[in-house]
Each structure stands twice: as C-alpha cells, then as structure tokens.
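Here you go, one structure.
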Amino acid sequence: MSLLGCQSKGAVSDALDPAAIQAANPPAAVANASLATQSLGTGPTRVAMLLPLSAPGSAGENGRKMLDAAKLAMTDLGNPLLMLTIEDTRGDATYSQQLAVKAITSGTKVVIGPTELPAAQHVAKLSGSNRPVVLALADNFAGGPGVYAVCLSEADSAAAGAGAIAAKGGKKFVLLVPAGASADIMEKRVANSLSVYGAALAITIPYTSADSAAKAVADMGSLVDAPDAVVVASGDSNPSPILIALKAKGIPGKSTPVIGTNRWLEHPTSPLFEGAYIATLDQHETGPISDRFKATFNYQADVNVAYAYDMVALTAGIASAAGPNGFNRQVFENRSGFRGSTGLFRFRADGSSERSMPFYRIEKGALKLVAKSTSSF
C-alpha cells in the first residue's frame, strides 16, 4: 500500500502519512507475545528491530507495546516490502549492545532500536561507511551520524520551547543547564532554534547541585540584564532548586517567562512549576492510528506505540518510494521531514531530531495548551 500523499507528491518525504492509511485486514490481537525471535513480512528489504520484550516492569511493557505497533505497521504497509526480524534484548544493556552490533553487520538495511541508552550510545561510536541507518528508540539519546534519536529528547523540547517564545518576539535568552557532556548539545540546539527568529542566547550557565543552582541564578542576575526568557533544563534532577532561586529574583514575571522541558514532567508537579512553558508531545495523542490500534489490541496507544509504528511505517514508505537501495543518510535527513502519528519530524546530520509539537503553559498543576504546534519545516 502506498504511503505517498503528504507534502510534495511522490517524494520520499511523503513516505509516512498515517492519515492516508486504511488497513484492509487488521492483524489479529495477540494476548501474549512470544519472546523468541520473530519475523514479520515477506518483502526483499531486511530490517532488524530490537525490543525489550521480556524485560521486567515498564521497560518490558513498553517493548511489548512497540511490538504490537510494529505488527500494525507491517499489516498496514510493510508486509510486501519488508522482512522485519524482531529480537528480544531482555532489557539488558550489554546483551542489547551485542544484538545491535550483530544487526548492523548482518546485511540489514535499517535497524530500529535499541531502547537501552548505553547500547544506543555504543552503536553511535562505531565507525564504518557501510553501517546501516539506525533508528534508536532510547530515551534521552543525543544521536550520532547515521544513528538517529527517535524519542523526544530534552534538547528537542528546550529548543522548541525557546523557539516558540522567540517567535512571539523574545530576543534575549538565558539557558540554565546541568553541567556535563549534554550541556554543549543543549546550548547548540537552543541557539540554533533561536537564530531562526533573530533571537540569541545571551549566556549559558551550567549548574551541578542545589547550591550550584542558587549560584547560577545569582550569576545570571549579575551578567544579564532583563532577559526575555529563561530556559531551565533539568537532566535527571528535579528542577525545583533552580526554580526556587529564580522565584527569589521575581522570575517568572510579566516580562520574563520560564521555559521548562519534557524532563520536568518526570517529577511530581510542584507549585514552583506554575506559569512555566513547555514544548512536549501529548503522551496520549497518536493521531490517526489510535482507533485502529485500540480496536486491534484492545488497549489505548501511547507515545511508545507511536514511535515504533512511525519507524516501521517510515522504513516501509522509503522501501516503496526509493527501493531497497534507498536507505541512506541523505534520504533520512530530508529537510522536508516526515509526517507521522506523533506529528511532523525530521532527522539532523548529527543524529538528533526536530519535532513540531504542542506548546503548553502549566496552570494549576496541569498542562494547558497554548499552541497546537511549535513549528513547521
């Protein structure tokens, strides 16, 4: 079934548009997925998918959701185009790394996964001009050349949020970011997003702890006069120490909003979050696949389902539009991007992704929609 019909007719960028897909024969629901290696489809393009199917807890639950998403995408699009081999990583980072290395050296055209961050980071460090494209499903993965970060990262969220405020006229921004290797990535992404609107980072201030957070805010006050917005990245930590220090300075205020990130939402909502803006995906919005997924598998799709569906569907779409030899970085880095069940997205040369996503303001402890989309390509 053709996926074409998204942007410019017939282009590879059209290769993913769930709104155009109507499954004639939905797959039968599977109560308990087999944890053994599975093969789906009869097509000529070999694709590997690495999922934590038997991992304990939420990791395994998400892995099994992704398997169901792959089954739906294969029925919709992939069965005549792809031969999808699904391996169980067991949620073990070392074993996942071994499977990933095996997959990229076995003649597959695309590897979807892994979900384990250390395994994705290891693959990104590997060299080799013949390495297939990897669509990594690991949370908080920065990406690498030819190893693309599929899941929304904090850098994606911060950049989109800053861009949304800059689009409304903000010009001078401050970035408060946890010290470490990801600080430079965050700074570059936010600065790049601001530059589109003629705005800029006045300063980036790293911090390491609650005490360091207070000092970072004090330094900001002495170095920057009246910023138009303050972007607060939190990494693995709770943003509250930074927010306490900002509140003591009267921020957020009428002229200086605070921009948070998706990582804030991993912590219990605090009154300190009130009034902050965040660009993030709607965890329950999976677009046009939602109803068919619920009817087929008898539970509601979430963002993990959407990520997995989109990557299998995208791979099938490229196979249809460009053939088995169309899987190269130029195709995946198409600047027009792709429209999937999570909205419009595109991959960058450094392996990171950019997404158009909803923009929210935190009011009374809940996300209130400000704009349905932060940007378009």
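Polar (S, T, N, Q) and open to solvent by 30 Å² or more (accessible area, probe 1.4 Å): is that true of T115 in this structure?
yes
How many residues, within the stretch 87-111, are touching a Ser or Thr at 6+ places or on another chain (Cβ under 7 Å) and either in contact (Cβ under 8 Å) with a residue 12 or more places away in the chain or on the phi > 0 side of the Ramachandran plot (or both)?
8
Here's another thing I want to ask about it. Could you list, in sequence order, the residues of the stretch 294-331 that are open to solvent by 30 Å² or more (accessible area, probe 1.4 Å) and charged (D, E, K, R)?
Residues satisfying the conditions are K294, R329.
Further, regarding this structure: So, in the stretch 112-127, exactly how many residues are more than 16 Å from the chain's Cα centre (by Cα) and touching a residue at least 24 places away in the same chain (Cβ under 8 Å)?
Matching residues across the stretch 112-127 total 6.
Looking only at the stretch 161-199, count every residue that is among the hydroxyl-bearing types (S, T, Y) and surrounded by 19 or more Cβ atoms within 10 Å (Cβ to Cβ) and tell me the total. Steps first, answer last, please.
Taking the stretch 161-199 and keeping what is among the hydroxyl-bearing types (S, T, Y), we get 182, 193, 195, 197.
After this cut, where a residue has to be surrounded by 19 or more Cβ atoms within 10 Å (Cβ to Cβ) as well, the list is 193.
Total meeting the criteria: 1.
Please pick out the residue among D211, D219, D228, D236 that is within 24 Å of the chain's Cα centre (by Cα) and acidic (D, E).
Answer to the selection: D236.
Sort out for me the strands (runs of 3 or more DSSP E) sitting completely within the stretch 259-377 that have 3 or more residues that are within 29 Å of T108 (Cα to Cα) and in contact with a helix residue (DSSP H, G or I) (Cβ under 7 Å, 6 or more places away or on another chain).
Where strands (runs of 3 or more DSSP E) fall fully within the stretch 259-377 and carry at least 3 residues being within 29 Å of T108 (Cα to Cα) and in contact with a helix residue (DSSP H, G or I) (Cβ under 7 Å, 6 or more places away or on another chain), they are 353-355.
Can you tell me which residues in the stretch 67-94 are assigned to a helix (DSSP H, G or I) and either of a type in the set (D, E, K, R) or open to solvent by less than 10 Å² (accessible area, probe 1.4 Å) (or both)? Break it down stepwise before answering.
The first filter runs over the stretch 67-94 and keeps only residues assigned to a helix (DSSP H, G or I), leaving 67-78, 93-94.
Passing the criteria: L67, D68, A69, A70, K71, L72, A73, M74, D76, L77, G78.
Are any residues in the stretch 133-145 at pLDDT 95 or above and either farther than 21 Å from W264 by Cβ or surrounded by fewer than 19 Cβ atoms within 10 Å (Cβ to Cβ) (or both), and if so, which ones?
V133, V134, L135, A136, L137
Using beta carbons and a limit of 9 Å, which pairs, at least six apart or on different chains, have the first residue in the stretch 228-250 and touching a residue at least 24 places away in the same chain (Cβ under 8 Å) and the second one assigned to a helix (DSSP H, G or I) and acidic (D, E)?
Within 9 Å, the pairs are A233/E154; S234/E154; S234/E266; G235/E154; D236/E266; N238/E266; P241/D211.
Looking at A202, is it out of contact with any helix residue (DSSP H, G or I) (no Cβ under 6 Å at 6 or more places or on another chain), at pLDDT 95 or above and either open to solvent by 50 Å² or more (accessible area, probe 1.4 Å) or of a type in the set (D, E, K, R) (or both)?
When the stated conditions are applied, A202 passes them.
The values are calculated or read from the model by the stated rules, or taken from the named source; none is laboratory data. Since the model is a prediction, treat every value here as computed from it, not as a measurement. For neighbour counting, all protein chains shown are included, and Cβ atoms are generated from backbone atoms with ideal geometry for every residue, glycine included. Just the protein is used for accessible areas: all its heavy atoms, side chains included, with ligands, DNA and RNA removed. Shrake-Rupley method; radii C 1.70, N 1.55, O 1.52, S 1.80 Å.
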